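Taking it in order: structure first as structure tokens, then the write-up.
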Ligand code: FPP
């Protein structure tokens, strides 16, 4: 566990991860600790989303991806699913102007077919309105599952082979990655999971091959700029070897 480093990020000495991805976990436990309904934990979680986007934009992190709703989260009680969808709607309705002001470009990964039509419209409008921004690229993973992402890519490649437009030997890690939903995003350098759980839960399975994983005890609604800076500090102390020995 990684807490209590007690100092701020030394921006001059630090190299910023190019892409930070976060598994936001612990909203329910945050609420339970306060004898509140889970809904209020998610609401506070949305505030942490605002803080984190602003912090990344200000620090100059180029890419941020947040796991907002997994393809497995439909198994939650209908009320909770409705509430999470309502929070996303309200976030998009309220935040797009502010995101534009911060020059943030917003995008979504995940299957859209199960989402309500009005939410899809809000998503499309947010992407359209912010598409020319040159600041932080902020991606929300919504109804996203890493295994589905890989299977859809494999299916599309198989269709191309069946249609005769692709030879099997032309399938490479690069051409495979180009069929994933994350096309255009670099692989995450740093994946943070809050709340003490230490697993990926079907998030970016292909893309995390060389990511540094940082697990912190903080529950997502308590995640602050300082938590982010501590995670970046830890990232900076890791030696990334990408399969090599680390000796030049
Ligand atoms: C995990 O906590 C959190 C989620 C499944 C949802 C994350 C959603 C938000 C932070 C709110 C809206 C998002 C945006 C982008 C505006 P949990 O409920 O699994 O917590 P628990 O493990 O303590 O029960």
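Taking R0 as 30 Å, what's the FRET efficiency between residue 35 and residue 238 from their Cβ-Cβ distance, rounded to 0.05?
Values: r = 39 Å, r/R0 = 1.29.
Here the calculated transfer efficiency is 0.20.
Kindly state, to the nearest 0.05, the FRET efficiency for residue 183 paired with residue 74, given R0 = 35 Å and r defined as their beta-carbon distance. Present the calculation step by step, with values, prior to reporting the outcome.
Values: r = 25 Å, r/R0 = 0.71.
Step by step, r from the Cβ atoms, then E = 0.90.
Going by C-beta contacts inside 10 Å, put 86, 30 in order with the fewest on the left.
Details: 86 14, 30 23.
In increasing order of surrounding Cβ atoms, one gets 86, 30.
At a 10 Å Cβ-Cβ cut-off, how would you order 35, 144, fewest neighbours first? The partial results should precede the final answer.
Details: 35 6, 144 25.
By the 10 Å Cβ count, ascending, the order reads 35, 144.
Taking Rh as the Kirkwood radius, which is the inverse of the mean 1/r over Cα pairs, what is the Rg/Rh value for segment 135-244? Don't skip to the end; give the middle numbers.
Details: Rg = 16.9 Å, Rh = 16.1 Å.
On the Cα set of segment 135-244, Rg over Rh gives 1.05.
Kirkwood Rh and Cα-based Rg: tell me the resulting Rg over Rh for the chain, rounded to two decimals. Intermediate results must be reported in sequence, preceding the final value.
Values: Rg = 18.6 Å, Rh = 19.2 Å.
The Rg/Rh ratio comes out at 0.97.
How large is the helix-only mean residue ellipticity at 222 nm for the chain, computed as the sum of -39500 (n - 2.57) over DSSP H runs with n ≥ 4, divided by its residue count, in deg cm²/dmol to the nearest 500? Before the final figure, lay out each step's value.
Numbers: 7 runs with 102 residues, N = 248.
The helix contribution divided over the chain gives -13500 deg cm²/dmol.
Under 17 Å from a label point 7 Å along Cα→Cβ of residue 58: give me every residue in segment 79-100 with its amide N that close.
Once the point is set 7 Å along Cα→Cβ of residue 58, 98-100 turn out to lie under 17 Å by backbone N, inside segment 79-100.
Values in this text are rule-based calculations from the coordinates and carry no lab data. None of the values given here were measured: they were computed from a predicted structure. For neighbour counting, all protein chains shown are included, and Cβ atoms are generated from backbone atoms with ideal geometry for every residue, glycine included.
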